1. Exactly one of these conditions fails for Asp64: (1) buried (at least 17 other Cβ atoms within 10 Å of the Cβ); (2) out of contact with any Ser or Thr (no Cβ under 7 Å at 6 or more places or on another chain); (3) under 16 Å from Ala24 (Cα atoms). Give me its number.
2. From Ala24, Ala62, which residue is touching a residue at least 60 places away in the same chain (Cβ under 8 Å), in a strand (DSSP E or B) and not aromatic (Phe, Trp, Tyr)?
3. Which of the following residues is part of a strand (DSSP E or B), surrounded by fewer than 20 Cβ atoms within 10 Å (Cβ to Cβ) and touching a residue at least 12 places away in the same chain (Cβ under 8 Å): Thr79, Thr104?
4. For region 86-98, which positions are at pLDDT 95 or above and surrounded by fewer than 16 Cβ atoms within 10 Å (Cβ to Cβ)?
5. Can you tell me which of Leu69, Leu44, Leu130, Leu121 is of a type in the set (A, V, I, L, M) and either touching an Asp or Glu at 6+ places or on another chain (Cβ under 7 Å) or within 20 Å of Ala12 (Cβ to Cβ) (or both)?
6. Here is a check on your reading of the model: is Val43 in contact with a Ser or Thr (Cβ under 9 Å, 6 or more places away or on another chain) and either at negative phi or not in a strand (DSSP E or B) (or both)?
7. Out of all the residues in region 132-154, which are part of a strand (DSSP E or B) and among the β-branched types (Val, Ile, Thr)?
Amino acid sequence: MVDASKGRRSLALVCFELRGQELALPIADVRETLPILPITRVVLTPSCLAGVFSLRGDIVPAIDLGVLLGLGRTQIGETSRIVVIDHVHSAIGIVVDRLRDLRTIDGAEGGPALESPPPNLEATVAQLLLGIVATTTGTVRVLDAKAIVETEALRALSGGTDEKVET
């Protein structure tokens, strides 16, 4: 979003907490947020898949973001929530510890509102980020929804691998 009066780029974020870290997704990528729903484990699936849940009659996969980010399995509790993002023509849920707030960040004149991830960040984590934002309360890692759903483990679930099968 560009603020025409100031010529600045801004980015609206849905902020949440996971394993003590503040993370965010661009609000444009978020369909809705839900209280934690019953999640059914599915055998023989990648460890980053917490399971599936029913959303208004549709079966939706629930991603354990803690596993994807190398933080360990997310412990579902009273404050846990599911952040639902769009993927092609379906939805994917991301399990988080708790929602924080909605926030808009402003960039420099005509520039981006995000900074690049630090070079010492693990590559598997860095590829899931759009960037980072320094705030008065600390650093917020802004996730790339498209990169999350295109991780190798999740592509394998949907049959979205690049391998071609000859018949």
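The values are calculated or read from the model by the stated rules, or taken from the named source; none is laboratory data. Note that the structure is predicted; figures quoted are calculated from it, not measured. When we count neighbours, we look across all protein chains shown, and the Cβ atoms used for this are built from the backbone with ideal geometry, even at glycine.
1. Single failed check for Asp64: (2).
2. On the way: Ala62 fails: touching a residue at least 60 places away in the same chain (Cβ under 8 Å).
Answer to the check: Ala24.
3. On the way: Thr79 fails: part of a strand (DSSP E or B).
Unique residue meeting the criteria: Thr104.
4. Arg98
5. Details: Leu69 fails: either touching an Asp or Glu at 6+ places or on another chain (Cβ under 7 Å) or within 20 Å of Ala12 (Cβ to Cβ) (or both); Leu44 fails: either touching an Asp or Glu at 6+ places or on another chain (Cβ under 7 Å) or within 20 Å of Ala12 (Cβ to Cβ) (or both); Leu121 fails: either touching an Asp or Glu at 6+ places or on another chain (Cβ under 7 Å) or within 20 Å of Ala12 (Cβ to Cβ) (or both).
None of the other options fit; the residue is Leu130.
6. Numbers: in contact with a Ser or Thr (Cβ under 9 Å, 6 or more places away or on another chain): no; either at negative phi or not in a strand (DSSP E or B) (or both): yes.
Here the answer is no, as Val43 does not meet what is asked.
7. Step one: filter region 132-154 for residues part of a strand (DSSP E or B), giving 132-135, 138-143.
Ile132, Val133, Thr135, Thr139, Val140, Val142, listed by residue number.
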